[in-house]
Amino acid sequence: MNKITLVFGASIKPNRYSNYAIQRLVANNIKTVAFGRHNGIVSGIEIDTELQAYKGIHTVTLYLNPIRQKEYYEYIVSLKPGRVIFNPGTENPEFFSILKENNIFFEEACTLVLLSTNQY
């Protein structure tokens with residue numbers, strides 16, 4: 001079964017880690033969707049600029065700083081993901097508590113490292 005990953009905070013800028021994450025997810029044949037501030041296409045994946053009612057999201061990998069995450073707490077919880085990955089710089093104890101309350105697994109990790117070490 002191919003689990004779907006949502007890259008949250010996706011960027012069309014090639015020097016951004018979220019952009020590279022999309023590239024690596026696609027290269028690893030992981031079904032990927034993306035949400036960001038600017039629309040565009042990265043490795044064939046269209047970046048949505050409006051929140052979508054995505055179905056079957058297994059992993060949300062965050063690329064937003066904690067302050068910018070606040071407005072999306074409810075939305076991310078509503079997706080009922082299997083896990084949320086807090087990439088370096090996105091760690092957020094307030095959101096950790098909300099995820100715990102909703103029985104959503106989370107980890108502080110780097111999506112790129114997880115992919116490169118076959119731990120994704």
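The values are calculated or read from the model by the stated rules, or taken from the named source; none is laboratory data. Every value quoted in this text rests on a predicted model; they were computed, and no experiment measured them. Here the Cβ is made from the backbone with ideal geometry for all residues, glycine too, and neighbour counts use every protein chain on show. Quick note on the areas: whole protein, heavy atoms, side chains included, nothing else; ligands and nucleic acids left out. Shrake-Rupley method; radii C 1.70, N 1.55, O 1.52, S 1.80 Å.
Rounded is the label for the chain. Its Cα gyration tensor axes, ordered a ≥ b ≥ c, give a/c under 1.5. Residues His38, His58 ordered from highest to lowest accessible area at a 1.4 Å probe: His38, His58. Compute a Gaussian network model of the chain, connecting alpha carbons closer than 10 Å, and tell me which residue from Ile67, Ile57, Ile12 fluctuates the most. Checking each option, the largest mean-square fluctuation is seen for Ile67. Close amide H contacts of Thr32 (hydrogens built in the peptide plane, cut-off under 5 Å, sequence separation of 5 or more or a different chain): Thr5. Expressed as a whole percent, the accessible area of the chain that falls on carbon and sulfur atoms is 50 (1.4 Å probe).
A cut-off under 15 angstrom between Cβ atoms defines the neighbours of Leu99, and their net charge, with Lys, Arg +1 and Asp, Glu -1, is -2. Given a Förster distance of 22 Å, report the FRET efficiency between Thr49 and Asn15 from their Cβ-Cβ distance, rounded to the nearest 0.05. After rounding to 0.05, the efficiency reads 0.65.
Rounded to the nearest whole Hz, the Karplus-based 3J(HN,Hα) values (6.51 cos²θ - 1.76 cosθ + 1.60, θ = phi - 60°) of region 80-96 follow the sequence 6, x, x, 7, 10, 9, 9, 5, x, x, 10, 3, 8, x, 4, 6, 3, with x at glycine and proline. Here is how the number arises for the chain: DSSP H runs of 4 or more residues each give -39500 (n - 2.57), the sum is divided by the residue count, and the result at 222 nm is -7500 deg cm²/dmol.
Per residue, the accessible area of the chain comes to 57 Å² when a 1.4 Å probe rolls over the protein heavy atoms.
Of all beta bridges that DSSP places with both ends in the chain, some 15 percent have antiparallel geometry. Taking the charge dipole of region 17-111 about its Cα centre, with +1 at Lys and Arg Cβ atoms and -1 at Asp and Glu Cβ atoms, the residue from Ile76, Ile30, Gln52 reaching farthest to the positive side is Ile30.
Assuming a ≥ b ≥ c are the square roots of the Cα gyration tensor eigenvalues, decide whether region 20-77 counts as rounded (a/c under 1.5), prolate (otherwise, with a/b larger than b/c) or oblate. Because a/c hits 1.5 or more and a/b exceeds b/c, region 20-77 counts as prolate. Exposed loop positions in the chain were taken to be GluC sites (Glu not before Pro) whose DSSP state is not H, G, I, E or B and which have at most 16 other beta-carbon atoms within 10 angstrom. Between these positions, the longest stretch is 1-49.
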